[in-house]
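Worksheet: one structure, shown below.
The values are calculated or read from the model by the stated rules, or taken from the named source; none is laboratory data. On a predicted model such as this, the values are computed, not experimentally measured, just so you know. Please note: Cβ atoms are built from the backbone with ideal geometry, for glycine as well, and neighbour counts cover all protein chains shown. Ligands, DNA and RNA are stripped out before the accessible areas are found, and what is left, the full protein with its side chains, is counted by its heavy atoms. Shrake-Rupley method; radii C 1.70, N 1.55, O 1.52, S 1.80 Å.
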Amino acid sequence: MKAMLPRLVFWCINLWIIAYTLVIGISLLLQFVGGELPCPLCMLQRYAMILSTLGAVWIIRQAQRGVLTWDRYVQDLGLGALGAFAGAVFASRQIMLHILPGDQGYGGAVLGLHLYSWAFVTFCVVILFTALLGIIAPAAIPMAPARNSTADRFSSAVGLVFLAVVAINAVMIVFLEGFAWVLPDNPMGYALFGH
C-alpha cells in the first residue's frame with residue numbers, strides 16, 4: 001500500500017487539474033453560449049482557480065521530469081492552497097453581496113446555487129485537499145508513470161488542456177474589458193466590440 005500511495009497522489013493531483021479545467025471551461029461555455037458575462041469578482045475567482053491549479057501543474061511536471069523534491073512539492077502545495085484561499089475570500093465576498101432575502105444573486109443558478117457559491121465550495125475542497133497532501137507529504141511525494149507511457153502522455157495532455165483553457169480565458173477578458181483598466185461591475189457586453 002505504501003508503494004502505491006505516491007502513484008495515487010500523482011493521479012489525485014491530475015484530478016485536481018482536470019476538475020478546475022472543467023470548472024473554468026464550463027464557466028466560459030456559460031459565458032459564450034448562455035450569455036452569463038462575468039463580473040470582476042467572478043474573474044478574480046477564475047484567476048484564483050488558475051493560480052491554485054498552477055501549483056498542481058508544476059508538481060505534475062516536476063514529477064514527470066523526475067526532479068520533484070520534498071521542498072518543491074510542499075512549496076507548490078502551498079501555492080495551490082494560497083490560490084484557493086484567495087478564491088474563497090473573493091467568492092465569500094460575492095456571496096455576502098447577495099445574501100439578503102429576496103436578492104436574486106448575480107447570474108443564473110446551477111443546481112440551486114450560483115456559480116460563486118459553487119466556487120466557494122471548490123476552494124474549500126482544494127484547501128482541505130492540499131492540507132491532507134501536506135500531512136502525508138513525507139510518505140507520499142507524487143511518482144509519475146514511466147516516461148512516454150500512455151499514462152504519462154495522458155497526464156501531459158491534461159496540463160496542456162488546462163493551459164489552453166487559461167489562454168482562452170486571457171483572450172476572453174480582453175474582449176470583455178476592451179482597453180479599459182477595469183472590468184465593469186455589471187458587464188452588458190463585450191467592450192472590445194463596442195457593447
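If packing is taken as the average number of other Cβ atoms within 10 Å across a peptide's residues, how do 153-160, 24-31, 86-93 rank, most packed first?
Working: 153-160: 15.1, 24-31: 17.0, 86-93: 20.0.
With the highest mean Cβ count within 10 Å placed first, the list reads 86-93, 24-31, 153-160.
Ordered by packing density, taken as the mean number of other Cβ atoms within 10 Å over each peptide's residues, highest first, how do 131-138, 116-123, 71-78 rank? Could the numbers behind the result be given before it?
Values: 131-138: 13.8, 116-123: 20.8, 71-78: 16.8.
Descending packing order for the listed peptides: 116-123, 71-78, 131-138.
Could you tell me which of rounded, prolate or oblate describes the range 69-131, using a ≥ b ≥ c as the square roots of the eigenvalues of the alpha-carbon gyration tensor, with rounded for a/c under 1.5 and, failing that, prolate when a/b is larger than b/c and oblate otherwise? Show your work: numbers first, answer last.
On the way: a/c = 4.25, a/b = 2.93, b/c = 1.45.
Taking the square roots of the gyration eigenvalues as a ≥ b ≥ c, the range 69-131 is prolate.
With θ set to phi - 60°, apply the Karplus curve 6.51 cos²θ - 1.76 cosθ + 1.60 along the range 123-136 and write out the HN-Hα couplings as whole Hz, x wherever there is a Gly or Pro.
Whole-Hz 3J(HN,Hα) from phi for the range 123-136: 5, 5, 4, 5, 4, 5, 5, 5, 5, 4, 5, x, 5, 8.
Averaged per residue, what accessible area in Å² does the chain show with a 1.4 Å probe, protein chains only? Kindly include the intermediate steps, with their values, before the conclusion.
On the way: 10670 Å² over 195 residues.
On a per-residue basis, the chain sits at 55 Å².
Just how large is the dipole of the chain about the Cα centre, in debye to the nearest 20, putting +1 at every Lys and Arg Cβ and -1 at every Asp and Glu Cβ? Before the final figure, lay out each step's value.
Working: 9 positive and 7 negative charges, 150 e Å.
The dipole of the chain has a size of about 720 debye.
Can you pull the percent of the chain's accessible area that's carbon plus sulfur, 1.4 Å probe, other chains left in place? Provide the component values of the computation, followed by the final result.
Working: 7940 of 10670 Å².
After summing per-atom areas, the C and S share lands at 74 percent.
Using 0.36 nm per residue of separation minus the Cα-Cα distance, give me the extension gain between Phe175 and Ile136 in nm, one decimal.
Working: separation 39, 0.36 × 39 = 14.04 nm, distance 4.32 nm.
Extra length from Phe175 to Ile136 when fully extended: 9.7 nm.
With every atom except the alpha carbons ignored, what do you get for Rg and Dmax of the range 119-182, in angstroms?
Expressed in Å, the Cα Rg and Dmax of the range 119-182 come to 17.5, 49.
Would you calculate the separation in nanometres between label points at Ala3 and Arg93, each defined as 7 Å from the Cα along the Cα-to-beta-carbon direction?
That separation, rounded to one decimal, is 5.0 nm.
P(r) tail for the range 1-148, what percent of Cα pairs lie past 18 Å?
Values: 6298 of 10878 pairs.
Above the 18 Å cut-off, the range 1-148 has 58 percent of its Cα pairs.
Using only DSSP helix segments of four residues or longer, with each worth -39500 (n - 2.57), what per-residue ellipticity at 222 nm results for the chain after dividing by its residue count and rounding to 500?
Working: 5 runs with 131 residues, N = 195.
Rounded to the nearest 500, the figure is -24000 deg cm²/dmol.
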